[in-house]
Every structure is written in C-alpha cells, then in structure tokens.
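Below is one structure; the comments refer to it alone.
The values are calculated or read from the model by the stated rules, or taken from the named source; none is laboratory data. Fair warning: this is a prediction, and the values are worked out from it, not measured in the lab. Heads up, the Cβs are rebuilt from the backbone with ideal geometry, glycines too, and the neighbour counts pull from every protein chain shown. The accessibility values were calculated without ligands, DNA or RNA, using every heavy atom of the protein model including side chains. Shrake-Rupley method; radii C 1.70, N 1.55, O 1.52, S 1.80 Å.
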Amino acid sequence: MGMTMSQKILAYHAGLNSVKAGQLIEAKLDLVMANDITGPVAIKEFKKAGGGKITDKSDVALIMDHFAPNKDIKSAQQCKLCREFAAEQNMEYFYDVGEMGIEHALVPEKGLVGAGDLVIGADSHTCTYGALGAFSTGVGSTDMAAGMLSGKAWFKVPSAIKFVLTGKPAKNVSGKDLILHIIGMIGVDGALYKSMEFYGDGIKHLSMDDRFTVCNMAIEAGAKNGIFPVDGAALEYMNGRFKRSPKIFMADDDAEYDEEYVIDLAKLKPTVAFPHLPENTKTPEEWGDIKIDQVVIGSCTNGRISDLRAAAEVLKGKKVAKGVRTIIIPATNDIYMQAVKEGLVEIFINAGAIVSTPTCGPCLGGHMGILAEGERCVSTTNRNFVGRMGHVTSEVYLASPHVAAASAIKGKLSAEG
C-alpha cells in the first residue's frame, strides 16, 4: 500500500522506507517553536531535564506574540523568562517587540519552514505550515522541551482524509469560507488525529494566503495536520525566503484514505461559524438579523496582506457603523509596512477603525479587544468557544475578512457592505 504526503514526510524524517497509519516512530525535527505562553513551561521542563545548551540553535524559535506588548505583570514575567533563555542560548530565532509577529504568519515569512519539513510547535495552530508542503503539528510544552533537548519527537503516524478541490471560487469567497464549509460538513472531530490532505485542479485558484488559512484551521476539525501539494505558487513563496532546500513529497497513486470528499469551489458561499463551535456554520440566507458590537480582522488565520486588502476594499470611502469597535491587526511588521505603503492603514483609520501592532491579542481573550457581558463580535480568528474572547455570555462569529468588514459597516452580520 502506498503512502500519503504526510506519511512520506514522516518516513523520511524517521529514516524509514515506509510507514503506515497507527505506527509509532521517532523522527528528526527541522524546527521546534513556542510562544510567550507555552515557551516558559517548555524552558522550565528543558532545565528540569538537565538541558544545557541547545544543540542546534537554528532548530528552535521563540516568538513573543500572545500577550506582547505585555499587558500585565504576569505576561511581562513570562516574556522576561523567554528573553533571558534566548540570551543564554544566543538564540538565532528569537522575536520580540519590534521584530515579532503572529507566530504562524512570521515563521513562513522569515523562511524558517518550507516544503518537506517536519515541525512541532507548542501551539495548536502550528498545522498552518502544511500550506508549504510541510508536516507541522501542535504539541504540548513538555514535547517542546523534549524537542529542544533531542531534536526529535515521537509520532503516531496518522491516517488521512482526501479533499479534492474543483472549480474556481466566486469573488469574495476565500480560503476561510472553504475551511469553515469543511468543518461544518465533517464536524469539529471529523478528522480526529488524521491528516487533511488537499488535491485537485481547484488548488490553483487558492492563493498561498488562502492555503495558510485552510491549514491553520485543520485543528478545528480535530486534525493532526493539514497539507497541500507543492506547486509553482508554493515554490515562488519559498524562493529567496526558505533557508533550506525544498523537499517535495507527493502521495502515491495507491495511497489509502479513510474518506474522500469532492468540493466544488464555485458552489461555495460566504460562510460564518456561529457560537459556540467552528462547526456551527451558516450561509447568508440563514444568518438572520445579528446586531454586533465589535469586529476583529487579523490573527494567525487572517492577518496577512491579502486579508487586509480584502477588508480595505470593503471599507474604502465608508464608515463603520456607530457603536461597532473595529480592530485591524496586521500579522507581522512586514505586513503592517506593506499595508502602510498601499494606503490600507489610511483607509482603515478614515473608516473609523483602529490598527494595532502585530499580536494574537483578542483571539484568545488576551488583550486589545476583550468582550463584555452579552457582546457580539465578528472575527476573522479561528475559535469561537464559550468565553473565548472575554465574558462567558459574549458571542464570537467566525468569518472571512470580507464578511467582517461588511459587518462593521452594517453594524450587523452581513456579506455586503
């Protein structure tokens, strides 16, 4: 029996000719990554286990993004611990205020990950990097510490689900609508500990930013990872950026999949996940009249330049509805600068929005947009669990940048501004 893309990457890094679903393997890692929440725990475990110097500093990245700039004393202490460790280790890839960005946008942008890589990160949305043909997955802080100590990790080889994409999406339908459609279709545990592998002619109509978004939310279907084949668009993204040579792994013709779904991108509609699960998806005819208090456009899911362009296209020359707080968060400093150069920041401010430094901030109820009792937010983030962005009675509606911007103008959930 042949292997899937994910299985081939795992076999290569384990030094094996082949692997099969359910097999336990030890594999060499290309990158181990953590942030200001998960990093301190990993560092303490690293030291508790007798860790001295990290063997290869180019294999480890620490990114201060969740509560940075620090919002309180506790978050300041967390970052201080990471800063001191990075200085002790003379770390090559340490990103703090002034250099940092939201980790899952920054890591690909800096060329720390690429095709054929095996990456673990102490953050569940590490699966983002599958857009570049890498096997990347989230782990706990203890596994992160083990990765720093040994440069290796244990894996149970996942089985896979095949998604064949056909057709071309309509204008204003994006990768966010696609992944929300899929999660609504299979459920939040529909791909539990499986690889979500994407194929088909429709992929050429998805930008790299779309693909990052799709892989980012694979975990919201319970998946171990999401992954796309490496094509010209992926190679172009990595060219001059990726610090290693791409290794391209293609699935065998006789690879085995647990399920197969065919999705016609042309039939997709703007899709929103209603509270309080990403699987609770609805299209415009089902939305009803949902008045809102806040809009957030950003995050590791939708804070890239194409996301900001989509929002600016809607907001240009218009004003956000009175009483709707609209917060725009570019995912990295480079994206922020590009938005300035293109005049997007001016469009946002003229529309009555604010623009924040790169941060995860409101996505996890950290800062820069906490919700009060009963408030509703349309957000381009990836989770809408109870209390995710603040008070337990608040509500989060997950949407694309286009829908989020349109909703900001209307003052209610809307696909048209």
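Going through the range 325-351 one residue at a time, which ones are surrounded by fewer than 22 Cβ atoms within 10 Å (Cβ to Cβ) and not hydrophobic (A, V, I, L, M, F, W, C)? Scanning the range 325-351 gives Arg325, Asn333, Asp334, Gln338, Lys341, Glu342, Gly343, Glu346, Asn350. For the condition open to solvent by less than 50 Å² (accessible area, probe 1.4 Å), over 18 Å from Asn333 (Cβ atoms) and of a type in the set (Phe, Trp, Tyr), Phe46 qualifies.
For (1) in contact with an Asp or Glu (Cβ under 8 Å, 6 or more places away or on another chain); (2) outside any helix (DSSP H, G or I), each residue gets a yes or a no:
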{"site": "Leu178", "(1), (2)": "yes, no"}
{"site": "Ile183", "(1), (2)": "yes, no"}
{"site": "Ala191", "(1), (2)": "no, yes"}
{"site": "Phe198", "(1), (2)": "no, yes"}
{"site": "Cys215", "(1), (2)": "no, no"}
{"site": "Ile219", "(1), (2)": "no, no"}
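Within the bounds of the range 221-235, is there any residue that is among the polar types (S, T, N, Q), farther than 25 Å from Ile120 by Cβ and touching a residue at least 60 places away in the same chain (Cβ under 8 Å)? So far as the range 221-235 goes, no, none of its residues is among the polar types (S, T, N, Q), farther than 25 Å from Ile120 by Cβ and touching a residue at least 60 places away in the same chain (Cβ under 8 Å).
If I go through the range 146-163 residue by residue, how many of them are open to solvent by less than 10 Å² (accessible area, probe 1.4 Å) and either assigned to a loop (DSSP other than H, G, I, E, B) or touching a Pro at 6+ places or on another chain (Cβ under 9 Å) (or both)? Within the range 146-163, residues that are open to solvent by less than 10 Å² (accessible area, probe 1.4 Å) and either assigned to a loop (DSSP other than H, G, I, E, B) or touching a Pro at 6+ places or on another chain (Cβ under 9 Å) (or both) number 2.
Contact map, the range 291-309: first residue more than 20 Å from Cys215 (Cβ to Cβ) and open to solvent by 10 Å² or more (accessible area, probe 1.4 Å), second residue of a type outside the set (Ser, Thr, Tyr) and in a helix (DSSP H, G or I), Cβ cut-off under 7 Å, separation 6 or more or different chains; pairs are Arg309/Leu344.
Closer than 24 Å to Gly298 by Cα, surrounded by 24 or more Cβ atoms within 10 Å (Cβ to Cβ) and touching a Leu at 6+ places or on another chain (Cβ under 9 Å) - does that describe any residue in the range 228-243? Yes: the range 228-243 contains one or more residues that are closer than 24 Å to Gly298 by Cα, surrounded by 24 or more Cβ atoms within 10 Å (Cβ to Cβ) and touching a Leu at 6+ places or on another chain (Cβ under 9 Å). Within the range 224-233, the set of residues being farther than 15 Å from Val119 by Cα and touching a Pro at 6+ places or on another chain (Cβ under 8 Å) comprises Val230 only.
Would you confirm whether any residue within the range 184-204 is surrounded by fewer than 24 Cβ atoms within 10 Å (Cβ to Cβ), free of Cβ contacts under 8 Å to residues at least 40 places away in the same chain and among the basic types (Lys, Arg)? Looking through the range 184-204, at least one residue is surrounded by fewer than 24 Cβ atoms within 10 Å (Cβ to Cβ), free of Cβ contacts under 8 Å to residues at least 40 places away in the same chain and among the basic types (Lys, Arg). Within the range 357-399, being part of a loop (DSSP other than H, G, I, E, B), open to solvent by less than 50 Å² (accessible area, probe 1.4 Å) and closer than 24 Å to Ala339 by Cβ holds for Pro358, Thr359, Cys360, Gly366, His367, Gly369, Thr380, Thr381, Asn382, Met389, Ala399. Look at (1) among the polar types (S, T, N, Q); (2) more than 23 Å from Leu62 (Cα to Cα); (3) crowded, with 23+ Cβ neighbours inside 10 Å and you find that Thr213 fails only one, number (2).
Taking the range 116-145 as the range and being part of a loop (DSSP other than H, G, I, E, B), among the acidic types (Asp, Glu) and surrounded by fewer than 24 Cβ atoms within 10 Å (Cβ to Cβ) as the test, only Asp117 passes.
Restricting attention to the range 186-214, the residues that are basic (Lys, Arg) and over 20 Å from Lys20 (Cβ atoms) add up to 2. Applying the criterion of at least 3 residues that are closer than 23 Å to Leu344 by Cα, out of contact with any Pro (no Cβ under 7 Å at 6 or more places or on another chain) and at pLDDT 95 or above to the strands (runs of 3 or more DSSP E) found wholly in the range 238-332 leaves 325-328. Against the numbered list (1) open to solvent by less than 10 Å² (accessible area, probe 1.4 Å); (2) over 23 Å from Ile37 (Cβ atoms), Lys168 comes up short only at (1). If you filter the range 53-98 down to residues that are acidic (Asp, Glu) and assigned to a loop (DSSP other than H, G, I, E, B), you find that the one that is surrounded by the most Cβ atoms within 10 Å (Cβ to Cβ) is Asp65.
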